1. Would you work out which of 105, 69, 79 lies farthest towards the positive end of the dipole of segment 68-115? Charges go on Cβ: Lys and Arg +1, Asp and Glu -1.
2. Let me check against my output: what whole-number percent is the relative contact order of segment 123-224, with C-alpha pairs under 8 Å and at least 6 apart?
3. Send over a whole-number figure in Å² for the accessible area per residue of segment 135-190, probe 1.4 Å.
4. Separation of segment 209-235 and segment 84-134 by C-alpha centroid, Å?
5. At what distance in nm do the modelled label points of residue 364 and residue 242 sit from each other, each positioned 7 Å from its Cα along Cα→Cβ?
6. Could the peptides 261-267, 22-28 be put in order, highest first, of the mean number of other beta-carbon atoms found within 10 Å of their residues?
7. Can you pick out the pairs among 19/392; 131/392; 97/359 whose Cα atoms lie more than 26 Å from each other?
8. If you stretched the chain out fully between residue 82 and residue 410, how much longer would it get, using 0.36 nm times the residue separation minus the C-alpha to C-alpha distance?
Amino acid sequence: MTDTILIVGGGVAGLHAAKICADAGAQAIVVEREPVVGGRLAAAMSGDEAIGNRAEGAAIPSLESIASNENIELLPIASFEALDGRPGNFTARIRQKARFVTDACTECGLCRAVCPVVLANEFDAGLTYRKAIYAPLPETLPAEWVIDIDNCLNTPPNYLPCNRCIDACEDDAIHFDAPLETVQERPVGAVILASGFRLAEQGNLESLGYGSHPDIVTSAELQRLLESPGPTGGYATRPSNEEYPDSVLLVLDSVSAYALYVVASQVNQLLAQDVGRVALLLLAPPPKADSLADAERLIEEAGIEVRHGAMLKVAAEEGSDVEVSFEDTGTRQFVRETWDMVALCSDVQPSEGTDRLAKIVGAELDDSGYLNGEPVPGVSIAGCAAGPINIKETLESAERAAAAALDCLDPRLLNEGYVPSEAEQPAPADESADASAGESAEDDDKRRQIESALYALLGKR
Ligand code: SF4
Ligand code: SF4
């Protein structure tokens, strides 16, 4: 028997499940494909005021609490490749790529200054640039820097021996002689799949006008602008001129729980930043319900406009504004307006490799390609791997997954006094999260109000 649980995915669901398992006395191995953990909520987990730490009072684990937990082992830039055995006694095969930067790294940044390769920083929604040797963001876990070996000049197909970073590094922290990959086989008693989802390709957003004007942004970019560690310090300034917008339109064609949660949070944050006019354009017909008055009143009270429309065009207008033309499907009128900023909300898709994960553990997929949640012995699912859900639901599903995984272990290997059913209860918030939830209770209420009204307007609840 082993006391170890494998968690595939180091986003908020995976880390929350890992912390519950670790606190119960199990060893948690978190396999994450990116060089850092935290996923979309890494900013919230580093203690800043992003959407995540206002998850209806639920406790999102801080990166510090993960880093300091001796029972949690993080394996970044890694993938889960195979599983043999049975619940309580599996062997998992994990492949991990090299970082090429060792623990000797002091994060001084000297290497960044000399690296000639400049790339869009995908960890900053592409709003800033990074080098081939980089730290994805400040305050990440792990903190060590990493070399993007696929884009480094030292490796094929770019082979132009460079080594500028090695010459600049005063701490001897860069070693290109590390093996490109290592494979390890680990005994694990249970597996939690927390592989999340990804934003849909930008192709359909380009057909709506994305890329034609700097102030037409994606919801991921808007989110990054609204996060205090983001490139504008948490203010949604216009990318074209760095001025505060007077009007922002959010265009939403996905009505998943996650999308509504994100949009409601963003609307709330924009209103809190005194943006004069905030509106939502929902690319879905209004529901044929008689009782929308309450929802409309809630939206009106929140100070936002909501329209249902068929989007025709978002484009740059002469000057610096963005012109939006659409058919209002409520009034059947053709509408043409100008906005300072337009955010196009991306749809979401199953995370890349979800089908491969399903094959490894013998799980089934639903019609959309998410894990369908049918029970597989010894394997549980946390968060959006089974379809997009909001943050509170994500945390709850992580708690259920952790409880199920812990049930696969011999209780004698866990902390004395651990009672499996307790893990199904909401995890107690740590003090900082309590304080954060208390300070933001008003914001949270307002976000919930907007979210509920959006559900009603879309005929979802
Ligand atoms: S060797 Fe690679 S990472 Fe180092 S400076 Fe050159 S391109 Fe950048
Ligand atoms: S120069 Fe060396 S120590 Fe400094 S950040 Fe780069 S790898 Fe780390």
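1. It is 79.
2. Relative CO of segment 123-224 lands at 22 percent.
3. On a per-residue basis, 57 Å².
4. With segment 209-235 and segment 84-134 each reduced to a Cα centre, they are spaced 24 Å.
5. Here the answer is 5.5 nm between the modelled labels.
6. 261-267, 22-28
7. Working: 19/392 16 Å; 131/392 35 Å; 97/359 22 Å.
Too far apart for the 26 Å limit: 131/392.
8. My answer for the length gained is 115.8 nm.
The values are calculated or read from the model by the stated rules, or taken from the named source; none is laboratory data. What you see is a predicted model; the values in this text were computed from it and never measured. Cβ coordinates were reconstructed from backbone atoms using ideal geometry, including for glycine residues, and neighbour counts include every protein chain displayed. The accessibility values were calculated without ligands, DNA or RNA, using every heavy atom of the protein model including side chains. Shrake-Rupley method; radii C 1.70, N 1.55, O 1.52, S 1.80 Å.
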